[in-house]
């Protein structure tokens with residue numbers, strides 16, 4: 001009986017044998033593997049029917065799946081594809097609807113209400129960062145600091161040429177700004193430009209020649225130089241003109257921090273006085289809607305502390 005039982009459990013062969021003892025066993029596939037294989041075959045058939053699948057000449061089978069989304073205010077239904085699905089998700093997805101609800105809340109709130117609401121501020125920073133990266137970072141740098149001083153204003157130093165209040169920043173974004181200072185090298189000689197540079201640098205505590213700085217002060221305050229008209233007699237600047245504060249040691253155009261010695265710092269200021277400043281920021285009201293501009297205004301203001 002034991003021998004028969006052992007034979008019953010023995011693995012069957014196909015009956016083929018080579019060299020007397022080399023046999024071919026008949027091992028059937030596991031049932032779970034067979035069912036998995038059948039399931040993949042059924043899945044493939046459904047997939048081929050539902051989704052685009054087979055190439056036909058210069059086209060392909062479109063499948064029976066469809067996606068509906070809005071285009072220019074009208075509903076459009078097309079065969080399923082990843083682009084159409086993305087558009088639908090961006091228009092009707094749960095996260096999109098949640099974002100739209102927050103945008104409506106932000107649009108209806110004042111700046112003070114947004115700043116004092118932790119949830120709205122978190123949303124504003126998150127979306128404002130994306131808006132800044134898409135529209136502003138090309139000039140102002142990813143974090144608000146451009147690669148080179150003087151090329152574009154630094155937004156993280158808390159020195160606001162046109163004002164740092166929310167409404168002032170909003171006005172800057174909406175209408176743009178024209179940063180202009182005339183080239184005084186055309187009306188003053190090299191000696192006078194050098195004297196002015198010494199005086200301007202002295203306003204922020206720079207190491208200068210006292211006699212040249214005294215002569216530069218006369219030019220700065222007088223009619224010949226006329227610098228006080230925009231920068232004021234104290235040198236603190238006028239926000240209405242976008243004139244820099246010359247007393248805070250924050251250099252928005254002259255690359256004084258990049259100089260390695262006193263002569264280099266003087267030359268950096270001389271260059272700006274002689275050549276003037278001409279840079280323009282376009283208005284963004286035609287590209288961004290009022291709510292996006294509000295979000296961006298708050299985000300930009302937060303960069304400067």
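Do the conditions hold for residue 270, that is, is it outside the structural domain of residue 150 (by TED's automatic domain parsing), part of a helix (DSSP H, G or I) and surrounded by 15 or more Cβ atoms within 10 Å (Cβ to Cβ)?
On the way: outside the structural domain of residue 150 (by TED's automatic domain parsing): yes; part of a helix (DSSP H, G or I): yes; surrounded by 15 or more Cβ atoms within 10 Å (Cβ to Cβ): yes.
Taking the combined requirement at face value, the residue satisfies it.
Would you check which residues across region 191-215 are more than 23 Å from residue 238 (Cβ to Cβ) and touching a residue at least 40 places away in the same chain (Cβ under 8 Å) and list them? If the condition is that a residue be more than 23 Å from residue 238 (Cβ to Cβ) and touching a residue at least 40 places away in the same chain (Cβ under 8 Å), then 194, 207, 208 are the ones that fit. Here residue 286 fulfils each of the conditions (1) surrounded by fewer than 16 Cβ atoms within 10 Å (Cβ to Cβ); (2) part of a helix (DSSP H, G or I) apart from (2). From the residues in region 273-283 that are part of a loop (DSSP other than H, G, I, E, B) and out of contact with any strand residue (DSSP E or B) (no Cβ under 6 Å at 6 or more places or on another chain), which one is nearest to residue 172 (Cα to Cα)? This residue is 283. Residue check: is residue 122 exposed (fewer than 15 other Cβ atoms within 10 Å of the Cβ) and not assigned by TED's automatic domain parsing to the domain that holds residue 294? Taking the combined requirement at face value, the residue does not satisfy it.
Do we have residue 164 as at pLDDT 90 or above, within 27 Å of residue 280 (Cβ to Cβ) and part of a loop (DSSP other than H, G, I, E, B) here?
On the way: at pLDDT 90 or above: yes; within 27 Å of residue 280 (Cβ to Cβ): yes; part of a loop (DSSP other than H, G, I, E, B): yes.
Yes: the conditions hold for residue 164.
Note on region 247-267: residues that are without any contact (Cβ under 8 Å) to a residue 24 or more places away in the chain and either touching a strand residue (DSSP E or B) at 6+ places or on another chain (Cβ under 9 Å) or exposed (fewer than 15 other Cβ atoms within 10 Å of the Cβ) (or both) amount to 4. Taking each residue of region 56-69 that is in contact (Cβ under 8 Å) with a residue 12 or more places away in the chain and looking for partners that are surrounded by fewer than 11 Cβ atoms within 10 Å (Cβ to Cβ) with beta-carbon atoms closer than 7 Å, six or more apart or interchain, yields 61/54; 66/77; 68/75; 68/77.
Just the residues that are modelled with pLDDT of 85 or more, part of a helix (DSSP H, G or I), out of contact with any helix residue (DSSP H, G or I) (no Cβ under 7 Å at 6 or more places or on another chain) and surrounded by 12 or more Cβ atoms within 10 Å (Cβ to Cβ), please, taken from region 74-115. Within region 74-115, just 113 meets the criteria. Is there a residue being touching a residue at least 60 places away in the same chain (Cβ under 8 Å), in contact with a strand residue (DSSP E or B) (Cβ under 9 Å, 6 or more places away or on another chain) and in a loop (DSSP other than H, G, I, E, B) anywhere in region 128-150? Checked region 128-150: at least one residue is touching a residue at least 60 places away in the same chain (Cβ under 8 Å), in contact with a strand residue (DSSP E or B) (Cβ under 9 Å, 6 or more places away or on another chain) and in a loop (DSSP other than H, G, I, E, B).
The values are calculated or read from the model by the stated rules, or taken from the named source; none is laboratory data. Since we're looking at a predicted model, the values are computed, not measured. Every residue, glycine as well, gets a Cβ built from its backbone with ideal geometry; the counts of neighbours run over all protein chains shown.
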